[in-house]
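The values are calculated or read from the model by the stated rules, or taken from the named source; none is laboratory data. What you see is a predicted model, and the numbers here were worked out from it, not measured in a lab. Quick reminder, even Gly has a Cβ in these numbers, built from the backbone with ideal geometry, and neighbours come from all protein chains shown. Side chains included, ligands, DNA and RNA excluded: accessible areas come from the protein's heavy atoms. Shrake-Rupley method; radii C 1.70, N 1.55, O 1.52, S 1.80 Å.
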Amino acid sequence: MKFMKLGNRPDTFFTTEAIRSVSSEVSTDLQIQVHNSLYQLHKFPLLSKCLRLQKLCSALKDSSDHTVILLPDLPGGAEAFEACAKFCYGITITLSSLNIVPVRCAAEYLQMSDDADRGNLVGKLELFFKSCILRRWKDTLVTLQSTRNYSSLCEELGITGRCIDAIATAIIASPTQVITSSHSRKATPKNWWAGDISELGIDHYWRVMVAVKSAGIVPNKLIGEALRIYARRWLPNMSRNGQQNELEADDSFPESPIEAAVKHRLLMEKIVSLLPTEKGSVSCSFLLKLLKAANILHASTSSKMELARRIGLQLEEASVDGLLIPLDSNSSGTLYDVDIVMAMLEEFLLQGQSPATSPPREKLRCERRRSRSSENVHPELDKNARKQLCRILDCKKLSVEACMHAAQNELLPLRVVVQVLFFEQSRAAMSGGQVTELPSNIKALLAKTTAGGEDRDALKLHHIGTATPLEDGWNISRMKCPATKLATLKTKLAEEEDNDMDDDLIPRDALMRSASSRFKALCSLPKKPKRIIRKLLAMNRSASERN
């Protein structure tokens, strides 16, 4: 901590019968009352540096010598006034970030500027503030904290604003520090500043974070982590009736439960207003905790809906326990807020229905192509995870509407689409009816992919069998995709040759349990999707020839 000493004389102030005075051969001729302290001092050293005292003494010129000058609203109280008085006497005083704010405010109140005397206290304090305090992280934070007791005057003097700017500038200049774990050699970045600024009051904290966010340099994840640390520091664990827990009570500022709830509600809403807009910048669990606090603290509807919207964007991260959001009362007859969870689900569904956007696919020839599904269905999953997700689908149990959707969904892997068509062909065969014709876009795709292959007879096939209704009155011909999706299917077919999925997507063992010889023949399909389609086409052709 940086400090500054002014004056070189020893301290000669003393106390007699609750009166503070200074040892001197000259008798005192000035009495000043500061709050509950009475000072008997000398006019000459004080009036020569304090314009306010000059004016007050001039107004009391005709009064008796025992008249007391009252300074009831002097900022900093008796301690700050005594520091200013000692400076006038040339007695040594020590200034640091711990006391510079009250002394600076008292000096401003007493008008100890260069207008009264050259090299006065205000000028020296300003020089120390700019050259030392604002250049040191800890000193700036301590100084900013001490401005809370003199907020209006500190704002007027620019102390608060300059401290906030200095703190924000330091964060923006170096938002992370690299630390090395004792258990690992890998170095990870850490927001070294989040814990320090979490000690600030919400008003100062909000202004610092707004300045940091507006610069656009600090990563959003660091900002989200800083908000989480601050919320954990100041938002208490609230019981269902809104009372503050005993461990969270602040004895230095006793508050009623209602006052505490109002303060925490305002704090929570400020935190919500600071949340970065980028998805994933804050965890879903943190957002859910904020929403639970918002319900208990009776936060504004706009704050709660904003939290619900943000949670809906990353609802896949939520746990079941996290979605159990208590209501602030039992007036509705339920323990948990169902409406807010429904709002999250609606936002999640709207996100899934929005058109997917993918980055430009301009790649080098030597670079292996990625499947379109890897860029859009779940982008955070790797290839193995996407395979596992597709294994969950049981095409035998899909409804008619689900089958139609799967057959037309261009974002699904091609093998899944072929699997749907395969089971529908199998269903038709087991029902004893004739197999139906393949959709026109599948035949066109097959014609394109087999033009240079061994099965050139497939190019001559335009119609196979008749369109016979299947189970539930559904016809495969209804599954035709728009012609504009032909390019997508061709791309999928080509990609499958590069990125072949696991063989267990088609449960061959389950199919082998069937007694039908034709059904067993269907189970002997090759691995490649292109060959699966050729096999289906050949089976359709042979069936039509027999009939």
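Some notes on this structure:
- Under Stokes-Einstein, with the Kirkwood radius over Cα pairs as Rh, the value for the range 32-180 at 4 °C and 1.567 mPa s is 78 µm²/s.
- Pairs of Lys residues in the range 1-133 that lie 8 or more places apart, or on two chains, and have C-alpha atoms under 18 angstrom apart add up to 11.
- Applying 0.36 nm per residue to the separation of Met1 and Leu56 and subtracting their alpha-carbon distance, the gain on full extension is 16.0 nm.
- Inter-label distance, nm, simple model (7 Å from Cα along the C-beta direction), Ser256/Arg232: 3.4
- Around the amide H of Leu327, modelled in the peptide plane, lie the amide H atoms of Tyr336, Asp337, all under 5 Å away and 5 or more residues distant in sequence or on another chain.
- Amide proton proximity set for Leu412, modelled H, under 5 Å, gap of 5+: none
- Surface share of carbon and sulfur [accessible, 1.4 angstrom probe, percent] for the range 1-133: 51
- Interchain or long-range residues, amide H under 5 Å from Ile69's placed H: Gln31, Ile32, Gln33
- Packing around the peptides 91-101, 149-159, 415-425, taken as the average count of other Cβ atoms within 10 Å per residue, puts them in this order, highest first: 415-425, 91-101, 149-159.
- Theoretical FRET efficiency, 1/(1+(r/R0)^6), r = Cβ-Cβ of Leu389 and Thr277, R0 30 Å, to 0.05: 0.60
- Rounded FRET efficiency, nearest 0.05, which uses the C-beta distance separating His298 from Leu349 and R0 of 22 Å: 0.20
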